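Report on one structure; see the data block that follows.
What follows is calculated from the coordinates using simple rules that are stated; it is not laboratory data. Quantities reported herein were computed from a predicted structural model and do not represent experimental measurements. Neighbour counts are summed over all protein chains in view; Cβ atoms, including those assigned to glycine, are modelled from backbone coordinates with ideal geometry.
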Ligand code: TRP
């Protein structure tokens, strides 16, 4: 039997190269070997959100990107977390077997509490419990995530072990599947690529926008003149180039070191490469976007397909916990 993959992502709107190389690409690949469930975690988004008016639009744009990138709704399930409300019931039940001390020492909680001291809400503390509920509601065994999510997965396993030991074996212990997620820096060459820092390159941007973003990239700050030799090992243009075309990047790096290629030329080359690479994606995305109601249909169908499993798991949990 195939293993079951579950992963979730917050609705952040149009996806960028960092999202693609870190998560989406892996989601697409895993479809060959697993039954995959991919969830847009809109309730999780509420733990930090400032503005709820953008959630629906963000869901739409993100799902279009997923579909255009090759997540196939015939093979995999794509759905929105809040559309299968059993997860909230399971969250409440799991909260009864989760010691508060476990949650208070989760590094992401401590970090968020530091970043938003004015909004350390109850939901933020329970974030990993809701994440556990996401995964085990479908008895998923494999969870593709980046390294930053490992403490959450460890907690999920602890909650499962505790539940199973109190109420009898019910859930498999979900394993993190560490995806190969190269750290993608933004156009500033300093910080992780992210929409909130506005240092990102959107997959769905048009050619001119992409070119403009790439041309704005910060290269080796010590290379001030065209005749200065550069240091590709600290240059994000080199790093991105490498991810899309390693042999060509080797050659450009060799030239960069001897001032045989300038930063402007190198960036123009990267822009051309990205545009060529993303062209089929953009075409598919435009086709999908032109089909009215498509995203809603995919998400509605996804929610329908998982809700039977969700109901069955919840019934089992309630029975084990003495509620039925
Ligand atoms: N916490 C994850 C993130 O911030 C998102 C997420 C929510 C998730 N539920 C999940 C990931 C379940 C994997 C499985 O990226």
Computed over region 207-287, Cα set: Rg, Dmax in Å: 13.3, 46
Kirkwood hydrodynamic radius of the chain, from inverse mean 1/r over distinct Cα pairs, in Å: 21.4 Å
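Once fully extended, how much extra length lies between residue 115 and residue 89, figured as 0.36 nm per residue of separation less the alpha-carbon to alpha-carbon distance? Don't jump to the answer; show the numbers that get you there.
On the way: separation 26, 0.36 × 26 = 9.36 nm, distance 2.88 nm.
Contour length minus Cα-Cα distance gives 6.5 nm.
Please find the FRET efficiency linking residue 233 to residue 139, where r is the Cβ-Cβ separation and R0 is fixed at 41 Å, and quote it to the nearest 0.05. Write out the running numbers ahead of the final one.
Numbers: r = 45 Å, r/R0 = 1.09.
Approximately 0.35, to the nearest 0.05.
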Listed residues 160, 309, 237, most fluctuating in the chain (Gaussian network, C-alpha, under 10 Å): 309
At R0 = 25 Å, FRET efficiency that the Cβ-Cβ distance of residue 46 and residue 102 yields, to 0.05: 0.70
Residue 215 versus residue 251: modelled label distance in nm, points set 7 Å from Cα along the beta carbon direction: 2.4 nm
Residue 122-residue 222 pseudo-label distance in nm [points 7 Å out on the Cα-to-Cβ vector]: 5.6 nm
Normalised contact order of the chain, rounded percent, pairs of Cα under 8 Å and 6 or more residues apart: 22 percent
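For a quick check: sort 243, 278 by the number of other beta carbons within 10 angstrom, fewest at the front. Could you put the intermediate results ahead of the total?
Details: 243 13, 278 23.
Lowest count first: 243, 278.
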Degrees, to the nearest 10: 294-320 long Cα axis against longest axis of the chain: 40 degrees
Helix 246-257 vs. the chain, principal-axis angle (Cα, 0 to 90°, nearest 10): 50 degrees
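Taking 0.36 nm per residue of sequence separation and subtracting the Cα-Cα distance, how much length would be gained by fully extending the chain between residue 207 and residue 319, in nm to one decimal?
Details: separation 112, 0.36 × 112 = 40.32 nm, distance 5.63 nm.
Extra length available between residue 207 and residue 319 comes to 34.7 nm.
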